[in-house]
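Chemist: Sharing a structure, written as structure tokens. Questions coming.
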Amino acid sequence: MVDFVGFVSSVVKGEISKTVDLTRQALDMRLSAKEILDNGLIRAMDIIGSQFEESEIFFPELLMAAEAAEAALELLRPELSKGEGAYAGKYVIGTVQGDVHEIGKNIVILMLEGNGWEVTDLGVGVTPEKFCGAVEKGNFDILGLGAYLTMTMPKIAETIEALKATGLRDKVKIMVGGVSVTQDYADQIGADRYAPDAPTAVRVAAALVGKS
């Protein structure tokens, strides 16, 4: 039986070698990448985000945890990136300004790509201006905005307002997500849809372009 308690702990503590070993054990036991994500990485991400926001850990510890999570994700990538579906559309995504979290975003990207999406990753700490520039220059169907800290959530609203001010809002559908984001907040700021996790994001994206 896979030790998911130990797995989550190893990611949170930034123990890369242990995280890799436990990920390999889980794969050797024929657990699916989704099971490992749901029971391991996503739980660890929730803890890390909460600890960082409550100042229980700081940036160096956050980076160590992120490196451990990325090491696990690298092993899961071949299965997560498998896709049998038809081309779904073009998706641009990024974590908003002031926020350095990217593991959740990267998982969403892999699952989107595995379901036929052509994804452009703008990275982390993306300013409203950079999001606007991407939407203006690219022919994207959906823009994904992620915030994983309560203090960075207002940047989602600022980005949507910037798109309105530049006449770009109607050019793209907007999805929002992240540990701190809720459906109520998404409705309040005028996002098209909210997704609480990566599997839901795939389904929501398909629905937005009429391919569900």
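The values are calculated or read from the model by the stated rules, or taken from the named source; none is laboratory data. The model shown is predicted, which means the values in this text are computed figures rather than measured ones. Note that each Cβ is placed from the backbone with ideal geometry, even for glycine, and that neighbours are counted across all protein chains shown.
Chemist: Is it the case, given these coordinates, that GLU118 is closer than 21 Å to GLY190 by Cα and acidic (Asp, Glu)?
Modeler: no
Chemist: Please give the helices (runs of 4 or more DSSP H) falling wholly within segment 13-103 in which 3 or more residues are more than 22 Å from ALA206 (Cα to Cα) and polar (S, T, N, Q).
Modeler: Details: elements: 16-28, 33-36, 42-53, 59-80.
Ranges flagged: 16-28.
Chemist: With respect to SER17, determine if the residue is more than 24 Å from LEU143 (Cα to Cα), touching a residue at least 60 places away in the same chain (Cβ under 8 Å) and surrounded by fewer than 16 Cβ atoms within 10 Å (Cβ to Cβ).
Modeler: no
Chemist: Now a separate question. Kindly establish whether LYS211 is of a type in the set (Lys, Arg), assigned to a helix (DSSP H, G or I) and either in the same structural domain as GLY94 (by TED's automatic domain parsing) or within 22 Å of GLY138 (Cα to Cα) (or both).
Modeler: When the stated conditions are applied, LYS211 does not pass them.
Chemist: Anything in segment 190-205 that is part of a helix (DSSP H, G or I) and surrounded by 19 or more Cβ atoms within 10 Å (Cβ to Cβ)? List them, or say none.
Modeler: Narrowing segment 190-205 to residues part of a helix (DSSP H, G or I): 198-205.
Within segment 190-205, ALA198, ALA201, VAL202, VAL204, ALA205 qualify.
Chemist: Please work out which residue is nearest to the chain's Cα centre (by Cα), limiting yourself to segment 94-136 and to residues that are buried (at least 17 other Cβ atoms within 10 Å of the Cβ) and among the charged types (D, E, K, R).
Modeler: LYS105
Chemist: Same structure again: Taking segment 137-157 as the region of interest, how many residues are hydrophobic (A, V, I, L, M, F, W, C) and buried (at least 23 other Cβ atoms within 10 Å of the Cβ)?
Modeler: Number satisfying all stated conditions: 5.
Chemist: Let me ask another. Checking VAL5 against (1) touching a Ser or Thr at 6+ places or on another chain (Cβ under 8 Å); (2) surrounded by fewer than 17 Cβ atoms within 10 Å (Cβ to Cβ), only one condition comes out false. Which one?
Modeler: (1)
Chemist: So how many residues does segment 49-65 have that are in contact with a helix residue (DSSP H, G or I) (Cβ under 7 Å, 6 or more places away or on another chain) and in contact (Cβ under 8 Å) with a residue 40 or more places away in the chain?
Modeler: Total meeting the criteria: 3.
Chemist: Sticking with this one: Can you name every residue in segment 34-92 that is under 25 Å from LEU208 (Cβ atoms) and of a type in the set (S, T, N, Q)?
Modeler: The answer is SER81, and nothing else.
Chemist: Take segment 115-173 and flag every residue that is aliphatic (A, V, I, L, M), within 17 Å of LYS90 (Cβ to Cβ) and either touching a Pro at 6+ places or on another chain (Cβ under 9 Å) or in a loop (DSSP other than H, G, I, E, B) (or both).
Modeler: Result: LEU122, LEU163, LEU168, VAL172.
Chemist: Output the residue which, of all residues in segment 26-42 that are modelled with pLDDT of 90 or more and either more than 14 Å from VAL11 (Cβ to Cβ) or among the aromatic types (Phe, Trp, Tyr) (or both), is surrounded by the fewest Cβ atoms within 10 Å (Cβ to Cβ).
Modeler: Once the filter is applied, the top-ranked residue is ARG30.
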